[in-house]
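Novice: My questions will all concern the structure given below.
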Amino acid sequence: MHMLFRLCGLLIALLLNANVYAGDILVEDAWLRATAPGQDAASVDLTITSSQQAVLLGVFSEVCKAAELHRMFQEGGMMKMREAKALELPAGKPVNLGKSGYHVMLVGLNAPLKAGEKIPLTLMVKLADNSKMKVNALAEVRPLTATKAPSNQGEHEHMRMD
Ligand SMILES: [Cu+2]
């Protein structure tokens, strides 16, 4: 009996630990607009809160050929964007991509995005101890007319690195 209790205690401790670890990174308000006819790229906004100092290294999604982290910047009075290698996530501070001048661009969509759909995203994050973890999130597809804009979606030219 005593042994069983100890085993249970250990299991609970492990489970709690796993929960804390998975809860290290919180992804909220992930959303994007439904696509207009002919549009094959879409920009996603989301808010990430990491309990420890971390770095967002990249994003994957099965709904497109490539999900890229983009940074917007002003150059010669024009709004441009470029693929970013990483985004710093300070400990305990919510980072909103849009407000930080970033967005996740889904390039080469496999199918049009319709309002009400949920798009699976996997975020690759590097933690303070250099270990990497994947964080799954769902981005909500909102109507094309949704007002809170992640960026000037569909209106911008992308700077190609190649
Ligand atoms: Cu972009």
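Novice: Please work out which residue is nearest to W31 (Cα to Cα), limiting yourself to region 108-141 and to residues that are touching a Pro at 6+ places or on another chain (Cβ under 9 Å) and open to solvent by 90 Å² or more (accessible area, probe 1.4 Å).
Specialist: Once the filter is applied, the top-ranked residue is L138.
Novice: Scan region 61-79 residue by residue and report those that are part of a strand (DSSP E or B) and surrounded by 15 or more Cβ atoms within 10 Å (Cβ to Cβ).
Specialist: Matches in region 61-79: C64, A67, E68, L69, H70, R71, M72.
Novice: OK, next. Identify the residue in region 92-112 that is more than 22 Å from A34 (Cβ to Cβ) and not hydroxyl-bearing (S, T, Y) and, among all such residues, is nearest to the ligand (Cβ to nearest atom).
Specialist: Across region 92-112, the extreme among qualifying residues is G101.
Novice: List every residue pair whose Cβ atoms sit under 8 Å apart, with the two residues 6 or more apart in sequence or on different chains, where the first one lies in region 83-99 and is surrounded by fewer than 17 Cβ atoms within 10 Å (Cβ to Cβ) and the second, anywhere, is acidic (D, E).
Specialist: E83/E68; P94/E28; N96/D29; N96/D45
The values are calculated or read from the model by the stated rules, or taken from the named source; none is laboratory data. The structure displayed is predicted, hence computed values, not measured ones. Cβ: placed from backbone, ideal geometry, glycine included. Neighbour counts: every protein chain shown. The protein model used for the area step is the full one, side chains on, heavy atoms only, and it has no ligands, DNA or RNA in it. Shrake-Rupley method; radii C 1.70, N 1.55, O 1.52, S 1.80 Å.
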